[in-house]
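A.B. asks: Okay, here's the structure, questions in a sec.
The values are calculated or read from the model by the stated rules, or taken from the named source; none is laboratory data. Keep in mind it's a predicted model, so treat the numbers as computed, not measured. For neighbour counting, all protein chains shown are included, and Cβ atoms are generated from backbone atoms with ideal geometry for every residue, glycine included. Please note that ligands, DNA and RNA were not included when accessible areas were found on the heavy atoms of the full protein model with its side chains. Shrake-Rupley method; radii C 1.70, N 1.55, O 1.52, S 1.80 Å.
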Protein chains: 2
Amino acid sequence: MLLHSVAVSIDGYNPNDYPPFAVTVDLVVLTVRPPNLKVLLTQRGESPAKGSWALPGGFVGSEQDLIDAAQSKLTDKTGIQVAEAHLEQLGTFGAPKRDPRMRIVSVAYLALVADPPEPELDEASWHRVDGLSDRSLAFDHSEILAKGVERARSKLEYTTLATSFCGAEFTVAELRSVYEAVWGTELDAANFHRKVMATDGFVEATGRTESAGRGRPARTYVASDARDLHPPIVR
Amino acid sequence: MLLHSVAVSIDGYNPNDYPPFAVTVDLVVLTVRPPNLKVLLTQRGESPAKGSWALPGGFVGSEQDLIDAAQSKLTDKTGIQVAEAHLEQLGTFGAPKRDPRMRIVSVAYLALVADPPEPELDEASWHRVDGLSDRSLAFDHSEILAKGVERARSKLEYTTLATSFCGAEFTVAELRSVYEAVWGTELDAANFHRKVMATDGFVEATGRTESAGRGRPARTYVASDARDLHPPIVR
DNA sequence: ACCTTTCTTGTCACAATGACTATAAAAAGG
DNA sequence: CCTTTTTATAGTCATTGTGACAAGAAAGGT
């Protein structure tokens, strides 16, 4: 294998005249269990970094599209059906020494899921995001996680994606608890309610109500058709 | 070469047990020549897609970091020094058939440059973004360009990046012409001026003025230290 | 019956915005 | 030299969005 071949231009090359890379996908799978934001991690069973926690991931097949690889890893690890979850590309990490064994480029994906079942694989489990230090994950996965969390925080401001963390039917208070868990702040219930209701296409009333045990029962809603929030809900 | 080998897990693999990919970087290099937003394109000299326009790019070296590859392509094609330009990762495109010859994953970068010299290479030149149709570039480069333009439009709302399109010293009118070119809209000069001035850390007065030929001379400013705009300047 | 809890609506002062007017400082043309 | 034109910058005002807070509505607990 021509590990050190160098291509001089995108023109005039042939399939033997480029440096070979392995391509993987890594997943930042987030969910909300109020009042906490949680991330799915797997414990590595092999060296390097044996025993430490890492993001779930794996190789991309030679004929597999990147998003398909991410979807299949997500289903493998969580049993979540793809249609229920939000999945978007987060960024690509390819520092030469990020994996000590070989040159790997990893395409990170961010998944937002609601009501996850307990992970199917024993070595995967949910962890509080705010309980992880900046360096506690294997490889550069802490950096990838930080980028995923920041992306989620930012998307909640400008899009309706918070509904991806809720079940099909939810109350405004549940939606607020999503914002509070992801942002790590408390929000005024009355003002939050007003803003959600004032935003066309964010949520749609079902006509039903639901009691959380204590207090006045809340009306329930389903996600509506808007994708962007006008005006945004700012942190 | 094991073109069809399939890795079953991230654990327990060895360097011969993964599908090999070629990794390239593609650059969306944008600049503003009022009243137009322009993108740097190269004309392909080889098949496939010989003669059609494409984004500049090239292979990533086997020991080269992704951003370093992007920086070196940028300097090669434009002569721009890296410190003067803004460069950020845009996204990764890896559909199995995006290049007909082999499996290629391309990491796209977005570069915003000010006052570019004429391209050093004859086959590269600046093109109006609004003069390109959705399908006029080679491979999936029209899609990549669209994503780059949308990223630039969005970043102008929430960050101070518009200053990257200006020289070191600029007037508020020049900054406004950047917004108008990137967004493709006209802005009220008085309101724009008020918003820029009201945003701490966006621009810093030099004390000098500069005449554009006609009209009252404008004060000049340099970019200041803020990276995010509070409040944003909305489209 | 009362209290507590939570959801929901309402009030009010204040900040940000768009549309617009007014003034300032230069060049161009008589 | 004075007026017109052009652009930059400042100010006005009605409207809208916001945070802090009060108040009413609807349930369960004691």
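A.B. asks: For A:VAL105, all conditions in the list (1) at pLDDT below 95; (2) over 15 Å from the mean Cα position of the chain (by Cα); (3) not acidic (Asp, Glu) hold save one; what is the number of the exception?
C.D. replies: A:VAL105 satisfies every listed condition except (1).
A.B. asks: Sticking with this one: Does A:LYS50 meet the test of being open to solvent by 20 Å² or more (accessible area, probe 1.4 Å) and either under 28 Å from B:SER106 (Cβ atoms) or part of a strand (DSSP E or B) (or both)? Give the derivation first.
C.D. replies: Working: open to solvent by 20 Å² or more (accessible area, probe 1.4 Å): yes; either under 28 Å from B:SER106 (Cβ atoms) or part of a strand (DSSP E or B) (or both): no.
No, not satisfied.
Quick grid of which residues meet (1) basic (Lys, Arg); (2) without any contact (Cβ under 8 Å) to a residue 60 or more places away in the chain:
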site	(1), (2)
A:THR160	no, no
A:GLY167	no, yes
A:ARG176	yes, yes
A:LEU187	no, yes
A:ARG208	yes, yes
A:SER224	no, no
A:ARG227	yes, no
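A.B. asks: Tell me the residue from A:PRO96, A:PRO100 that is at the interface with chain B (Cβ under 10 Å from one of its Cβ atoms), open to solvent by 20 Å² or more (accessible area, probe 1.4 Å) and part of a loop (DSSP other than H, G, I, E, B), please.
C.D. replies: A:PRO96
A.B. asks: Restricting attention to the range A:157-206, report how many residues are within 14 Å of DNA strand D (Cβ to nearest atom), touching a Lys or Arg at 6+ places or on another chain (Cβ under 9 Å) and within 14 Å of chain B (Cβ to nearest Cβ).
C.D. replies: Counting residues in the range A:157-206 that are within 14 Å of DNA strand D (Cβ to nearest atom), touching a Lys or Arg at 6+ places or on another chain (Cβ under 9 Å) and within 14 Å of chain B (Cβ to nearest Cβ) gives 1.
A.B. asks: Identify, please: which residue in the range A:174-213 is more than 11 Å from DNA strand C (Cβ to nearest atom), part of a helix (DSSP H, G or I) and of a type in the set (Phe, Trp, Tyr) and is, among those, surrounded by the most Cβ atoms within 10 Å (Cβ to Cβ)?
C.D. replies: Checking each candidate, the answer is A:TYR179.
A.B. asks: Moving on. So which of B:ARG135, B:ARG216 is free of Cβ contacts under 8 Å to residues at least 12 places away in the same chain and within 16 Å of DNA strand C (Cβ to nearest atom)?
C.D. replies: Values: B:ARG135 fails: within 16 Å of DNA strand C (Cβ to nearest atom).
Step by step, each of B:ARG135, B:ARG216 is checked, and only B:ARG216 is free of Cβ contacts under 8 Å to residues at least 12 places away in the same chain and within 16 Å of DNA strand C (Cβ to nearest atom).
A.B. asks: So B:PRO119 clears everything in (1) more than 14 Å from the chain's Cα centre (by Cα); (2) more than 10 Å from chain A (Cβ to nearest Cβ); (3) surrounded by fewer than 18 Cβ atoms within 10 Å (Cβ to Cβ); (4) over 30 Å from A:ILE67 (Cβ atoms) except one condition, right? Which one?
C.D. replies: Answer for B:PRO119: the failing condition is (3).
A.B. asks: Confirm whether A:VAL178 is hydrophobic (A, V, I, L, M, F, W, C) and not assigned by TED's automatic domain parsing to the domain that holds A:LEU41. Walk me through it before giving the result.
C.D. replies: On the way: hydrophobic (A, V, I, L, M, F, W, C): yes; not assigned by TED's automatic domain parsing to the domain that holds A:LEU41: yes.
Here the answer is yes, as A:VAL178 does meet what is asked.
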